[in-house]
Amino acid sequence: MSDAKKKPESIKTPLLDELTTGQWPSFVSDLKNLSKVKPQVGQLLGQLEQSYEDRWNYWQGTVLNVDGYGGGVIARYSELSERFPDIAQFHTIRIIPPSGWVYSTKSLRQLCDIWEKHSAGIMQMHGMTGDILLLGTDNKTTFDAAEELMEAGWDLGGSGAALRTLACCVGDAYCESSCFDTMGVTKYLTDRFISHLHRPELPYKFKFKLSGCANDCACSIQRSDMPVIGTWKGPMQIDQKEVGKFIKEHGVDYVVNNVITRCPTQAIQMKGSKEIAVDNGNCVRCMHCINVMHKALRPGKQRGATILIGGKRTLKIGDTMSSMIVPFIPLETKEDWEKLGDLVEKIWEFWGENGLEHERVGEFIERVGLGTFLDGVGIEPLAEMVIHPRTNPYIKFEELAPGRMGGEPRKRPSVVDKEIETFEKAE
Amino acid sequence: MSVPEQKKKAPRDNGAPDHMKNLHPLMLKNYGKWKYYEKVRTGVLKRVAESGDVLYVVRAGSPRTMSIITVRKICDIADKYCQGFLRFTSRANVEFLVGNEKDVKPLIKAVEKELGWPVGGTGASISNVLHTQGWLHCNLPGTDAAGSVKALMDMLYKDFVKEKLPQRVKISTSCCSINCGGQSDIAINVQHHHPPRIDNKGVGVCEHPKVVAICPVAAIRPSMFDGKASLEVVPEKCMYCGACHGQCPSMEIRDAKTDTLSIWIGGKAASTRKGPSFMKLAVWGLPNNAPRWPEVGEAVKTIIEVYRKGGRPYERLGEWVERIGWKRFFELTGFPFTKYHIDDFKHARTTLNTSSHVRL
């Protein structure tokens, strides 16, 4: 795009050049090659070289919004723009990828063509949240590129205190372990809540990640505010013939050491020397045995998902994994998906009304207590939600307090005075 | 209403692209009807559908940051061997989708020759390293991302192309203490060593209540500087996390001279077996030594080699350490156990040994 008017200083990058050797593919070599047609990339490497030399960063961050959007562009201004004028403004546009990061070359080429026209031509597949990251536009070309991308049917990803771009595992597209259509539900939630993704209206960011089974390829429990993880009701499917074949091939000791003793609830036992027996009522659907013996064992037929809430990294309340709120929800039909969306709305309403600024939903639950949260969103408390009941003996039993001390039946938080829909309890 | 002449705006709120239009024909036909898979070799999985259809998924490691030239090369290869369809994984690997067995070998050759990318990263291997933007494009980083990944993966290359470990090892790097790289079997994070240095002139433009509120240990309070509102930090309370720096660039937490790197191990996202776990501190005080971070590489290698020797099949790094005990881990690796390995933040007491169990 913006070819340098005067001849730019010849940029030497001895430190970065050390990253052009070795067997792993080098982003430095690739970007150097790109700099032949996009001179600003040479300047980008020049600034990066300076960072390597000084161990210091030279980007300033700010906000730049496409008309009608409250996020999706990550604006960067170089502090070294006198030396590297072509990267004085060097922004990233976040784009929502197809669920599960599947692409036709037609889609990818379209992205490349639009990006070549307007920018430095750098792509990252993908950012940590799962967006397609397109790097290298200035204050004007950002808008040109965004308009053209949106005209072609693409859309901007999330940033700031908003719903963030969703991510999911490959699911039904090629995985036999998948217990629900992760890609379909991801698209459904994205589209239903697209306004929340583009306009920051929540106390703070909110992330969904969807995994088709407990292997959790989307890392949902650690990395998202609301994990949706595939599971099943009833017995798993066992093909005892294949079990026999597996035992014959690997030996009984292998099965004992790597399957039976690894079951977290000791729900598997040998039955004779050629079969196994599974105590399905005690199976927690962890997927380990199925992973090892994936031809012999499969998830059960009545499938759905488990929903957790509140995962995030250390700040401010210490490391927080998501925790169980709905043990089982069917996700077979569009109506099932709608019910999931309705639950999301209830959670956002309660958290949105009562959460502090910059307070993730997990931090909010830590502050008000899971009991209050459940009341607020209209979910019944279930034993599956805890590892064990409380050990702390100081309890405010609302029903047992005398009336004069505030023991009247407690009013639910205002947000659930409307009709409450409870989810089907696990059988 | 008359509006000044404007370029027509594109539609807003398009939502997610239709994934079904981006699926390989065999994925579309057998959607939700897959039966099992077989490992052909490291990096190549044969996916078998209930219909009997077979799809070969060939995984290759990418540098994540790519030029459009490279992306078009990927497209050329996918057009030739994959009917024009491919996929990316959550760890920035590319998956080429091959319907015809005889195309697998030529495809691998093309990936290795034309892209120069290795095929691997499945099962009990070391897959691609998750990373963030670093000095290339972030406004907060204390170190680089893509560069340290390149250095690490050069060193761990053999474990990407061959599955020779007890179980998969996932690695991530983060460029500041916010830790966007997330939990992993092995994670490399930046560590700061003093409270933020406040730029009293610049701090005026920040929203002070927000900066005060974001501090997890309530160490920031309002103050006056030169007759104007400013902020100050109580150094005894501050734990050098840098949360305020993200909120206000005038709370500079980084220090090129003193920032170091530390290595955390045993994170696991999956609910398989015992369930997910957080990573724990293994080594601290390593130098931020661009462009190849050799000290970090050495420490990572040490951890991987003791795990390779001691881990049982299917046992993730953290599960292995839990089985043998942390005392043994520090003995085997030779890393010192120090008072800094003992937690002192929220939930710290839950990390103490409250039994009489010791390995003597």
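Laboratory data are not the source of any read-out in this text; all were calculated from the coordinates shown. Quantities reported herein were computed from a predicted structural model and do not represent experimental measurements. FYI the Cβ positions are ideal-geometry reconstructions off the backbone, even for glycines, and counts take in every protein chain you see.
Observations on the structure shown:
- ³J(HN,Hα), Karplus 6.51/-1.76/1.60, whole Hz, each residue of segment A:73-88, x for Gly, Pro: 10, 9, 8, 10, 10, 7, 7, 10, 5, 5, 7, 10, x, 6, 10, 4
- Pairs of Cα atoms nearer than 8 Å and 6+ residues apart set the relative contact order; for chain A it is 10 percent.
- Taking 20 Å as the limit for the C-alpha separation, the pairs B:Lys170/B:Lys309; B:Lys46/B:Lys102; A:Lys233/A:Lys274 exceed it in the case of A:Lys233/A:Lys274.
- Alpha-carbon centroids, segment A:245-321 and segment A:120-137: separation in whole Å: 37
- Cα-based helix-to-principal-axis angle, B:294-310 vs chain B, degrees rounded to 10: 60
- Exposure proxy order (Cβ contacts within 10 Å, fewest to most) of B:Glu298, B:Glu163: B:Glu298, B:Glu163
- Each Cα pair under 8 Å and six or more residues apart adds its separation to the average, and for chain B the resulting relative contact order is 11 percent.
- Förster radius 41 Å - calculated FRET efficiency between B:Tyr240 and B:Thr354, Cβ distance, rounded to 0.05: 0.90
- Highest average packing first - A:167-176, A:76-85, A:268-277, Cβ atoms within 10 Å: A:167-176, A:76-85, A:268-277
- Between A:Asn280 and A:Lys140, the modelled labels are 6.7 nm apart [label points 7 Å from Cα along Cα→Cβ].
- Listed values for segment A:259-267 are Karplus-derived 3J(HN,Hα) couplings in whole Hz (6.51 cos²θ - 1.76 cosθ + 1.60, θ = phi - 60°), namely 10, 5, 6, 8, 5, x, 10, 6, 8, and x replaces Gly and Pro.
- Value of relative contact order over segment A:1-148, rounded to a whole percent, pairs C-alpha under 8 Å and six or more apart: 19
- Counting DSSP beta bridges with both ends in segment A:205-311, the antiparallel % (nearest 5): 75
- Using R0 = 22 Å, the C-beta based FRET efficiency linking B:Tyr340 and B:Glu232 works out to 0.25.
- Across B:Lys35/B:Lys162; B:Lys80/B:Lys109; A:Lys301/A:Lys346, pairs whose alpha-carbon gap is larger than 21 Å: B:Lys35/B:Lys162; A:Lys301/A:Lys346
- Each part reduced to its alpha carbon centroid, segment A:198-224 and segment B:220-297 end up 23 Å apart.
- Stretching the chain fully between A:Asp239 and A:Asp342 yields a gain of 33.3 nm (0.36 nm per residue, less the alpha carbon separation).
- Residues in segment A:151-169 that a label on A:Lys106 would reach, taking backbone N under 15 Å of a point 7 Å out along Cα→Cβ: A:152-154
- Counted over chain A with a bin width of 20 Å, the fraction of Cα pairs per bin, in whole percents, is 22, 45, 29, 5, 0.
- Long-range HN-HN contacts of B:Trp34 with modeled amide H, under 5 Å: B:Glu50
- Choice from B:Asp199, B:Asp144, B:Asp13 with maximal GNM fluctuation in chain B (Cα, 10 Å cutoff): B:Asp13
- Within chain A, helix-based [θ] at 222 nm, where runs of 4 or more DSSP H residues each add -39,500 (n - 2.57), nearest 500: -9000 deg cm²/dmol
- Nonlocal amide H pairs with B:Val283, under 5 Å, H built at 1.01 Å: B:Ile263
- Ordering A:Met183, A:Met226 from the fewest to the most neighbouring beta carbons within 10 Å gives A:Met226, A:Met183.
- Treating r as the C-beta distance of B:Thr258 and A:Gln302 and R0 as 60 Å, the FRET efficiency rounds to 0.55.
- Projected label distance in nm at A:Lys117 and B:Glu101, using a 7 Å step from Cα toward the beta-carbon: 4.5
- 3J(HN,Hα) along segment A:144-151: 4, 5, 4, 4, 5, 4, 6, 4 Hz, from the Karplus curve 6.51 cos²θ - 1.76 cosθ + 1.60 with θ = phi - 60°, whole Hz, x for Gly and Pro.
- Rounded, prolate or oblate (a/c below 1.5 giving rounded, otherwise prolate when a/b exceeds b/c) for the protein assembly as shown by Cα gyration tensor: rounded
- Comparing B:Leu107, B:Leu130, B:Leu261 in a Gaussian network model of chain B (Cα springs below 10 Å), the most mobile by mean-square fluctuation is B:Leu107.
- Sequence-distant residues sharing a close amide H with B:Ser125 (under 5 Å, placed H): B:Arg168, B:Val169
- Options B:Gly123, B:Gly267, B:Ala243, ranked by Cα towards positive dipole end of chain B, top entry (Cβ charges): B:Gly123
- Tensor-based shape of chain B (alpha-carbon gyration tensor, a/c under 1.5 rounded, otherwise prolate or oblate): oblate
- Separation in nanometres of the label points that stand 7 Å from Cα toward Cβ, at A:Ile260 and B:Lys301: 4.2
- Beta bridges per DSSP with both ends in the protein assembly as shown, % antiparallel, nearest 5: 85
- Using a Gaussian network model of chain A in which every pair of alpha carbons under 10 angstrom is joined by a spring, one finds that among A:Pro381, A:Pro25, A:Pro39 the greatest mean-square fluctuation is at A:Pro25.
- Peptide B:342-351 has a mean shielding of 2, counted as Cβ atoms of other protein chains within 10 Å of each residue's Cβ.
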